[in-house]
Amino acid sequence: MMENYVDVAERIRQFRAAFPTGSLQPLNLEKPFEIVEIGGKEFIIYAAAAYRTPDDPRPGIGLAQEQAVGGSNFTRGSELQNAETSAWGRAIVAALAADTQKIASLEEVRNRKAEQEESIPAPTPKQIERSKKEHPASSPAPSPAPIVSIDSTDANLITSKQIGLINFIGKEQGMNLDELKELIGSILEKNEVSISHLTKREATRVIDYLKNLKEG
């Protein structure tokens, strides 16, 4: 379950609390990352160092790799940033000598999940028709419940139309409520998000982002 993983932002807070004078840097300042070919594909390799003190002789080291061209619309265009973030998270785990079974960060798991989902080909019209014949429905399937619904009539808050668009695009991207709230929180730079209490302006920002994500 994704909720069992810690995001890199939380790991950075833990690191700063433990080492106030520490810093996160590329392991090699002159060459923070490199692009290598593995199995016929190009990957970005990033090496990060978590220095506990300014003169730390043995900083925590973290390595991460990302395809040079992201495997999903969710990761495409942010390949270097994703590799850097993942490497930071792993370097922090090494520096803290953290007692954790979840070395991978929430961001890593989410990105891999998105790539796996987009790698599954959509069924062809013939496959859909064959499935209908082999498994006829005895009654129409109920419409899926929306991811989130509106619960306020405040004129300054998100409208039902905006809720509908967020629901629609979120479901198209295969996101559940927790994943959608996490993404919206990163868009709006908020730690806690109540979607039904977003302002109209915030909802517009979210919808524009989701549309761009959908269009790739």
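The values are calculated or read from the model by the stated rules, or taken from the named source; none is laboratory data. All values derive from a computational prediction rather than experimental measurement. Cβ: placed from backbone, ideal geometry, glycine included. Neighbour counts: every protein chain shown.
Contact map, the stretch 32-60: first residue free of Cβ contacts under 8 Å to residues at least 40 places away in the same chain, second residue of a type in the set (S, T, Y) and not in a strand (DSSP E or B), Cβ cut-off under 7 Å, separation 6 or more or different chains; pairs are T53/T21; P54/T21. For the stretch 177-216, a residue qualifies if it is closer than 18 Å to S78 by Cα, at pLDDT below 80 and of a type in the set (A, V, I, L, M), and exactly one does: L213. Of all the criteria given as (1) in contact with a Phe, Trp or Tyr (Cβ under 9 Å, 6 or more places away or on another chain); (2) closer than 16 Å to A97 by Cβ, the one not satisfied by V36 is (2).
Counting only residues that are buried (at least 18 other Cβ atoms within 10 Å of the Cβ), under 18 Å from the mean Cα position of the chain (by Cα) and either over 18 Å from A9 (Cα atoms) or not charged (D, E, K, R) (or both), the stretch 164-200 holds 11 of them.
Residues checked against (1) crowded, with 17+ Cβ neighbours inside 10 Å; (2) modelled with pLDDT of 75 or more:
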| residue | (1), (2) |
| --- | --- |
| A68 | no, yes |
| T85 | yes, yes |
| A97 | no, no |
| I103 | no, no |
| A114 | yes, no |
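Note on the stretch 15-35: among residues that are surrounded by 16 or more Cβ atoms within 10 Å (Cβ to Cβ) and under 25 Å from G185 (Cα atoms), the one that is modelled with the lowest pLDDT is F15.
Residue-wise test of (1) aliphatic (A, V, I, L, M); (2) in contact (Cβ under 8 Å) with a residue 40 or more places away in the chain.
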| residue | (1), (2) |
| --- | --- |
| L177 | yes, no |
| S186 | no, no |
| K190 | no, no |
| V193 | yes, no |
| E202 | no, yes |
| R205 | no, no |
| L210 | yes, yes |
| L213 | yes, yes |
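Only residues that are within 30 Å of E172 (Cβ to Cβ) and of a type outside the set (A, V, I, L, M, F, W, C) were counted in the stretch 16-75, giving 10.
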